[in-house]
Amino acid sequence: MPTHRSKSEKHAAAKLLRRDPYEVLSVSRNSTDQEIKSAYRRMALKYHPDKNANDPEAADMFKEVTFSYNILSDPDKRRQYDAAGFEAVDSGSQELELDLSSLGAVNTMFAALFSKLGVPIKTTVSATVLEEALNGVITLRPLPLGQPISKKVEKQSAHFYAVTITEEEARAGFVCRVQSSDKSKFKEESVKTGKITSAGMYFLGFPVYRLDQTMTSMAAAKDPDAAFFKKLDGFQPCEITELKAGTHFFAVYGDNFFKSANYTIEALCAAPYREEKEYLRAVEAQILTKRVEISKFESEYREVLAQFTEMTSRYAQEMQAIDELLKQRNEIHASYTSAPPMKRSTSKSKNKGSFKEAKEEDEVREKRSTTRDRSKKKKWYNIHLKVDKRKPC
C-alpha cells in the first residue's frame, strides 16, 4: 500500500529538495544585482505560465525561479542566505512578485485590496510586454531632449520611447524622469510631493544610488528600532552609471491594478546642472559614511538599551519594595493609637473591675468610719444622768 505523508512531512521534504538560488538562476555568488535581475527576467519569461499552459514542470520551475530571485534581490536576505543558508531566511515571509496580467479578476481585486491596506505587494512586468520588447515588436515614440511628453498608459501595458544623445551629452550626463498626478508606484525610486509622484533615472558618469524602502517599511511594522538601523540598507548603487552616445530606449509601464495612469516623461542633458551633480555626489558620499557609522552605532545602542531595560525593571522592583516597607511601617505606627477590638474590651472589663473594687473599699472605709463615730457617740451619750421621770422637765 502506498504510504500517505502528512502536510508537515511533505513541507519538510520540499525544504530538503530546495536548490541553491544561485544554481537556479545560473549566476555566480559574486554576481551583481543587474546580472541577477537579468537572469531572473530571462528565466521567468521562459517558464511563464502564459507561455507554458498545462505544463506542471514549467509552473514548478517558474515558482522556483521566483522564490530564488526573491532571496537574491533583497540585500538583507541575500546576506542571510550567504551566511547560513535557507535556515536563516524566513521563507514564509518571502515576497512574491505578481504578474497582474496572469491573475484573474477576483485575484486582482484581492491584491488591490491588500495593497490599499498597506501590505507591500511587488508586481512584475507582464510576460507579454517583455516578450514584445525582446522581439522588437513594439511601437517606439521619439523623446527629444528637454521636451516633456504627457500620455496615458493602460493597465499592464507599456509605452516605449527612443532617446538619442551625442558624445558631448553622454559625457555631461543624462537624466530621464517621469511624473504622475495619480497615486502611482514606480519601479525606480520615487518621491511624492503633494499630489505629484515623481521618479528618475540618472546617468551622470559616477555611481548614483537608489533607496529601496520596501524592507524598511516591513521592518517598521515589526520593530521601529530595527527600521531605523535598516533604513540605509536599501541604499544601493544603480546598475548603470553612464550611457554611451547613441539611441537608448525607455518604457513607462502601467502597473495599476484596474485603471490607466496619466504621466509626463522628460529627458534632460545634465550639462546645465554641474553644481547639482557635485552636490549629489557629496551628499551620497555622506550617506554611505553615515551607513557605516549607523552599523557600528547599532551594537552600542543595543547594549545600552539592554542595560536601560534592566535598570528600568530594577527601578520598578525597588519602588515596589520601598512602598511595601513604608506601608508596613505606617501600619505599625497606627497600632499604637488604635488597638485591636478584643484588647479594647479586655481593658474595659479590667477598668470596670477596678472601679468595683475601689467602690467596695470605699464602702468598707465608710462603714468603719461610721462605726467609729457611733462608738464615739455612745461614749458621749453614755453619760449616766439621773432623771426623775415623774417630774416634768
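The values are calculated or read from the model by the stated rules, or taken from the named source; none is laboratory data. Worth saying up front: this structure is predicted, and the values here are computed from it rather than measured. Ideal geometry is used to build each Cβ from the backbone, glycine not excepted, and the neighbour counts take in all protein chains shown.
Just a few scattered comments:
- Residue list for segment 134-169, filter: out of contact with any strand residue (DSSP E or B) (no Cβ under 8 Å at 6 or more places or on another chain) and among the aliphatic types (A, V, I, L, M): L134, V137
- The single residue among E239, E188 that is modelled with pLDDT under 85, of a type outside the set (V, I, T), surrounded by fewer than 16 Cβ atoms within 10 Å (Cβ to Cβ) and more than 22 Å from T264 (Cβ to Cβ) turns out to be E239.
- Here D182 passes the criteria (1) modelled with pLDDT of 70 or more; (2) surrounded by fewer than 18 Cβ atoms within 10 Å (Cβ to Cβ) except the one numbered (1).
- Residues being of a type outside the set (K, R) and in contact (Cβ under 8 Å) with a residue 12 or more places away in the chain - total across segment 287-296: 4
- The set of residues in segment 1-34 that are charged (D, E, K, R), assigned to a helix (DSSP H, G or I), modelled with pLDDT of 50 or more and more than 16 Å from D60 (Cβ to Cβ) contains only D33.
- The set of residues from segment 235-254 being of a type in the set (F, W, Y) and within 15 Å of C176 (Cβ to Cβ) comprises F249, F250, Y253.
- Segment 192-214, subset in a loop (DSSP other than H, G, I, E, B) and farther than 20 Å from T241 by Cα, residue modelled with the highest pLDDT: K195
- Residue pairs meeting the criteria (Cβ under 6 Å; at least 6 apart or on separate chains; first closer than 14 Å to Y22 by Cα, in segment 51-70; second of a type in the set (S, T, N, Q)): N70/Q94
- The single residue among E300, E331, E293 that is within 23 Å of the chain's Cα centre (by Cα), loosely packed, with under 10 Cβ neighbours inside 10 Å, in a helix (DSSP H, G or I) and not hydrophobic (A, V, I, L, M, F, W, C) turns out to be E300.
- Residue satisfying condition, being of a type in the set (A, V, I, L, M), modelled with pLDDT of 90 or more and surrounded by fewer than 17 Cβ atoms within 10 Å (Cβ to Cβ), within set A172, A162, A220: A162
- Lone unmet requirement of (1) surrounded by fewer than 18 Cβ atoms within 10 Å (Cβ to Cβ); (2) part of a helix (DSSP H, G or I); (3) at pLDDT 80 or above for E87: (3)
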